[in-house]
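Read the structure below first, then the notes.
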Amino acid sequence: MSRIVNRVLIGLVGLALLVAGGSVLAVGLGVHPPSWWLYDGPHDVLLSTARRTRWRDAGWWWPTVLGALAVLVLLALWWLTTVLRRRRLTEVLVDTGDGEGALLRGRALEGVLAQEAAQLDGVEHAHVQLTGRRTAPEARVRLLLQPHADPGTALNSLAAQALTHARDSARLAALPAEVWLNGVKHRPERVS
């Protein structure tokens, strides 16, 4: 789940809870609600006994209630797992060629890849994050380019040198990368 969707959903749930709580507080303090509102005054209940027991004897009522609650619980668990899931890869499995494998710390590979990318021509700063599975990692690279650097040249150098070197060093079949290029902010040059 993207960060934007997560924030929008949390904001909508928070807004709904704020409106519901504010309306209960306002009616409790003596504000007169509209005629269509759920309750009329501070001594009224939200659900009367008649409303609560209205559908109890219907055959579809309890399966519907339990199904709706099960869906809500599953949605809440799905949201919780997506929020708590690690975005960063902690280790990469390196094939040693003898049927065994070695584990390489993900941060170590990120650091080396970022250091090598920062040394490329036209690159001011590089940040690398590994995602994916430990047998098939993917790289997210952010390059901060110097003012007069050619983005195409920097991208080709990154693919040909840093990413290829990291892929070959870790004996990976492939190392797909998503690269974001940003330029350094600088003052305009004066022409005399």
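Looking at the stretch 138-151, can you tell me whether even one residue there is farther than 18 Å from ALA162 by Cβ, open to solvent by 40 Å² or more (accessible area, probe 1.4 Å) and not aliphatic (A, V, I, L, M)?
There is at least one residue in the stretch 138-151 that is farther than 18 Å from ALA162 by Cβ, open to solvent by 40 Å² or more (accessible area, probe 1.4 Å) and not aliphatic (A, V, I, L, M).
Residues are listed down the side, and each one gets a yes or a no for (1) open to solvent by 80 Å² or more (accessible area, probe 1.4 Å); (2) modelled with pLDDT of 90 or more; (3) among the aliphatic types (A, V, I, L, M); (4) not in a helix (DSSP H, G or I):
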| site | (1), (2), (3), (4) |
| --- | --- |
| GLY14 | no, yes, no, no |
| GLY21 | no, no, no, no |
| PRO34 | no, no, no, yes |
| TRP37 | no, no, no, yes |
| LEU47 | yes, no, yes, yes |
Take the stretch 152-187 and flag every residue that is in contact with a helix residue (DSSP H, G or I) (Cβ under 6 Å, 6 or more places away or on another chain) and part of a helix (DSSP H, G or I). LEU158, ALA162, ALA166
Of all residues being closer than 19 Å to ILE10 by Cα and not hydrophobic (A, V, I, L, M, F, W, C) in the stretch 66-111, which is most open to solvent (accessible area, probe 1.4 Å)? Just the residue, please. ARG85
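For the stretch 120-137, which residues satisfy the criterion of being more than 29 Å from the chain's Cα centre (by Cα) and either in contact (Cβ under 8 Å) with a residue 60 or more places away in the chain or open to solvent by less than 60 Å² (accessible area, probe 1.4 Å) (or both)?
Just the residues of the stretch 120-137 that are more than 29 Å from the chain's Cα centre (by Cα), to begin with: 120-122.
Within the stretch 120-137, LEU120, GLY122 qualify.
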When the residues of the stretch 70-119 are filtered to those that are hydrophobic (A, V, I, L, M, F, W, C) and within 29 Å of ALA149 (Cβ to Cβ), which remaining residue is modelled with the lowest pLDDT? LEU89
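The values are calculated or read from the model by the stated rules, or taken from the named source; none is laboratory data. None of these values were measured; they are calculated from a predicted model. As a convention, Cβ positions derive from the backbone with ideal geometry for all residues, glycine included, and neighbour counts pool all protein chains shown. SASA here: full protein model, heavy atoms, side chains in, ligands and nucleic acids out. Shrake-Rupley method; radii C 1.70, N 1.55, O 1.52, S 1.80 Å.
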